[in-house]
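> Mind having a look at this structure? Questions to follow.
Since every read-out is calculated from the coordinates, none of them should be taken as a lab result. All figures in this text were calculated on a predicted structure; none of them were measured in a lab. Neighbour counts are summed over all protein chains in view; Cβ atoms, including those assigned to glycine, are modelled from backbone coordinates with ideal geometry.
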Amino acid sequence: MKILVVGSGGREHALAWKIAQSPKVQMVYVAPGNGGTPVETKHLHGITNIPISDIQELALFAEVEKIAYTVVGPEKPLSEGIVDLFRSKGLKIFGPSQKAAQLESSKDFAKAFMKRHGIPTADYETFHDASAAHAYIDRQGAPIVIKADGLAAGKGVVVAMTLEEAHQAVDMMLSDNKFGTAGARVVIEEFLTGEEASFIVMVDGKNILPLATSQDHKRLLDHDQGPNTGGMGAYSPAPVVTPELHAKVLRQIIKPTVLGMAKDGIPFTGFLYAGLMISPNNDVKTLEFNCRMGDPETQPIMARLKSDFVDVLMHADQQTLDQVDLDWDSRVALGIVMAAYNYPDTPRLGDEITGIPPQSEHHVVFHAATVFKDGKLVTNGGRVLCVVGLDGNTKGAQTRAYEALQSIKFDGAQYRSDIGHLAIKNK
Ligand code: AMP
Ligand code: GLY
């Protein structure tokens, strides 16, 4: 069968790489894909002429090419209704409907949903009006967290440690319209402390299939300093998510979410990603929902998955995810993101990349913002590569990943040297 993966990042490369390993698959198309897509195997093919924003063209491609199943990587096409469009044409696709995708595309929707269904999350209020927001901040005090309501490419959250920063964030979103309509409403919420983890499950409308646990590193610099990014590295499993905590998250967050969405008449299908804050006494709250896989969490998760992922997708289609027992590599997988010069501001494009080592038993390199230009592989955006190492424990996986990374060169490359530090400490 033929499978289509929508997206161009490291997450999509990892999904496509895994799907291409299935004996059931004759071709995996990735639209638009990246520099890793054509070099991977003969079963992978980048469709560079269809951008993720053109959902009509993607549906046409799926019809003409008789794509058996489509998997969507990023949130944007989901929030624009790609799943509804494909389904209306009888095309099979894994992801949430446009309405269900509001769990990610509107922070206000997600917070109101959680409040209504008793799902633990930070206390909050939503504002359209800047003066009311400023007054609320003065009443609550700092630290406090200001979030643009809509999708803002990971830049819409300001964790304000001072009142001044909080007021500035409100001005930027509500008065200066920095994020356009995405920032026309802001959610202002209580500042939470603890350790973060990513909890990702697959949902077929009624059944929940948890994937292996993971954690990512959001800050650009070592010791979790510097600006927030899309993620500078991730590993799986996450030792902070003990079996007891895992059961608690399913009971308190994931199950009520899936039941609540069904009850509200918006059944959820697709990947559901709860960003968690785990307090020192193991209370857990939902920081956010994403309705897609995480990037870079997908890269170590897919590197560990031993089951045929196409079988899993077919079960999702048949609403029989309850029959799936996933088989995981018992090793730890740890991925280090190599980012371009000047990321996360405006990254420089066009730097030549050399020295990517071939895949081995101990590592695999996923491409993200890479492209072939005049026969050379060059940088093409912020997060360029994710180098995943595999070993018996986190320290070993970290060593494997940094070893594999040593030969990779491009001007201005930025990467952290401490990916996995929390897991190593938690051991
Ligand atoms: P979000 O996109 O909502 O996950 O926010 C991005 C990042 O901001 C999270 O990964 C956290 O590091 C931080 N963050 C979000 N909400 C809060 C909160 N209520 N308290 C503390 N940090 C937060
Ligand atoms: N790594 C965080 C995210 O995918 O949202």
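> Looking for whichever is basic (K, R), in contact (Cβ under 8 Å) with a residue 40 or more places away in the chain, in a helix (DSSP H, G or I) and within 22 Å of K306 (Cβ to Cβ) here; the options are K18, K76, K24. Which one fits?
K18
> Could I ask something else about it? Return the pairs, sorted by first residue and then second, in which the second residue is among the polar types (S, T, N, Q), the first residue lies in the range 178-199 and is part of a loop (DSSP other than H, G, I, E, B), the beta carbons are less than 6 Å apart, and the residues are 6+ apart or on different chains.
Every condition considered, the pairs that remain are R185/T126; G194/S279.
> Further, regarding this structure: Could you list, in sequence order, all residues of the range 166-194 that are touching a helix residue (DSSP H, G or I) at 6+ places or on another chain (Cβ under 7 Å), within 25 Å of R383 (Cα to Cα) and surrounded by 18 or more Cβ atoms within 10 Å (Cβ to Cβ)?
Result: F179, G183.
> If you scan the range 247-290, which residues turn out to be touching a residue at least 40 places away in the same chain (Cβ under 8 Å), part of a helix (DSSP H, G or I) and touching a strand residue (DSSP E or B) at 6+ places or on another chain (Cβ under 9 Å)?
Hits for the range 247-290 are V249, L250, Q252, I253, I254, K255, T257, V258, M261.
> Looking only at the range 170-198, count every residue that is within 16 Å of ligand 2 (Cβ to nearest atom) and within 21 Å of Y136 (Cα to Cα) and tell me the total.
Within the range 170-198, residues that are within 16 Å of ligand 2 (Cβ to nearest atom) and within 21 Å of Y136 (Cα to Cα) number 1.
> So how many residues does the range 201-234 have that are within 30 Å of V312 (Cα to Cα), aliphatic (A, V, I, L, M) and either in contact with a Lys or Arg (Cβ under 9 Å, 6 or more places away or on another chain) or more than 16 Å from ligand 2 (Cβ to nearest atom) (or both)?
Qualifying residue count, the range 201-234: 5.
> Residue under question is M293, and the condition is that it be part of a loop (DSSP other than H, G, I, E, B), touching a strand residue (DSSP E or B) at 6+ places or on another chain (Cβ under 7 Å) and either within 16 Å of ligand 2 (Cβ to nearest atom) or over 27 Å from I146 (Cα atoms) (or both); does it hold?
Yes, satisfied.
> Does P120 satisfy the condition of being buried (at least 18 other Cβ atoms within 10 Å of the Cβ) and either in contact (Cβ under 8 Å) with a residue 60 or more places away in the chain or touching a strand residue (DSSP E or B) at 6+ places or on another chain (Cβ under 6 Å) (or both)?
no
> When you check M161 against the structure, is it more than 16 Å from ligand 2 (Cβ to nearest atom), crowded, with 20+ Cβ neighbours inside 10 Å and not polar (S, T, N, Q), yes or no?
Considered against the rule, which asks whether it is more than 16 Å from ligand 2 (Cβ to nearest atom), crowded, with 20+ Cβ neighbours inside 10 Å and not polar (S, T, N, Q), M161 comes out as no.
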